[in-house]
């Protein structure tokens with residue numbers, strides 16, 4: 001599957017089969033994540049792979065009771081090393097760059113999953129402190145996203161997108177897109 005097809009066919013899937021996700025598939029996803037760009041090539045990401053049912057249940061509770069999280073065979077929690085980014089770029093690194101960097105890594109993972117036939121959902125709605133406690137995350141590391149991974153048990157339809165003419169500005173904000 002080429003990158004354009006992966007981008008346009010990827011969907012947020014919230015229903016998974018019982019088919020397991022192999023360690024090699026998880027490793028492939030994380031390997032693609034680490035190839036994402038990062039400010040100053042700091043690579044401030046950390047990944048927690050969760051297969052334990054009780055931990056997944058507690059994560060789903062921390063994620064505002066989004067129970068589909070615990071139904072996925074694997075949940076990959078993407079974390080930002082705030083300290084590492086801050087050392088390189090001060091407060092802008094700690095407050096912004098590490099989030100941009102982990103977002104790029106997360107998107108790589110989602111597209112790689114799509115390309116190999118796995119389903120994912122980018123979950124950002126969760127109580128960060130609860131997730132931190134569940135996963136024993138130390139200070140200086142911030143959980144940014146939970147990514148349930150599995151084989152799809154649904155095929156969501158494509159949702160509409162804004163037209164290019166609505167989102168493209170030339171030279172200045174509000175500049176004509178024509």
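The values are calculated or read from the model by the stated rules, or taken from the named source; none is laboratory data. Quantities reported herein were computed from a predicted structural model and do not represent experimental measurements. Methodologically, a virtual Cβ is constructed for each residue, glycine included, from the backbone with ideal geometry; neighbour enumeration extends over all protein chains shown.
Quick notes
- Those residues of segment 44-59 which are under 15 Å from the mean Cα position of the chain (by Cα) and either closer than 17 Å to residue 112 by Cβ or free of Cβ contacts under 8 Å to residues at least 40 places away in the same chain (or both), in sequence order: 45, 47, 49
- Against the test of being surrounded by fewer than 17 Cβ atoms within 10 Å (Cβ to Cβ), under 16 Å from the mean Cα position of the chain (by Cα) and in contact (Cβ under 8 Å) with a residue 60 or more places away in the chain, the options 125, 72, 115 yield a single qualifying residue, 125.
- Just one of the listed residues (67, 106) is within 19 Å of residue 152 (Cβ to Cβ), touching a helix residue (DSSP H, G or I) at 6+ places or on another chain (Cβ under 8 Å) and crowded, with 20+ Cβ neighbours inside 10 Å, and it is 106.
- Within segment 1-22, no residue satisfies the criterion of being without any contact (Cβ under 8 Å) to a residue 24 or more places away in the chain, in a helix (DSSP H, G or I) and over 19 Å from residue 155 (Cα atoms).
- Elements of type helices (runs of 4 or more DSSP H) contained in segment 62-178, each with 1 or more residues being modelled with pLDDT of 95 or more: 68-71, 82-92, 98-115, 128-135
- All told, residue 132 meets the bar of being surrounded by fewer than 22 Cβ atoms within 10 Å (Cβ to Cβ), touching a strand residue (DSSP E or B) at 6+ places or on another chain (Cβ under 7 Å) and over 20 Å from residue 18 (Cα atoms).
- Flag for residue 34 being farther than 16 Å from residue 134 by Cα and buried (at least 17 other Cβ atoms within 10 Å of the Cβ): no
- Of all residues in segment 40-57, those satisfying the criterion of being in a helix (DSSP H, G or I) and either crowded, with 18+ Cβ neighbours inside 10 Å or touching a strand residue (DSSP E or B) at 6+ places or on another chain (Cβ under 9 Å) (or both) are 55, 56.
- Qualifying residue in segment 23-36 (condition: outside any helix (DSSP H, G or I), out of contact with any helix residue (DSSP H, G or I) (no Cβ under 6 Å at 6 or more places or on another chain) and within 30 Å of residue 90 (Cα to Cα)): yes
- Taking the numbered list (1) under 16 Å from the mean Cα position of the chain (by Cα); (2) under 23 Å from residue 61 (Cα atoms); (3) surrounded by 16 or more Cβ atoms within 10 Å (Cβ to Cβ) in turn, residue 137 passes all entries but (1).
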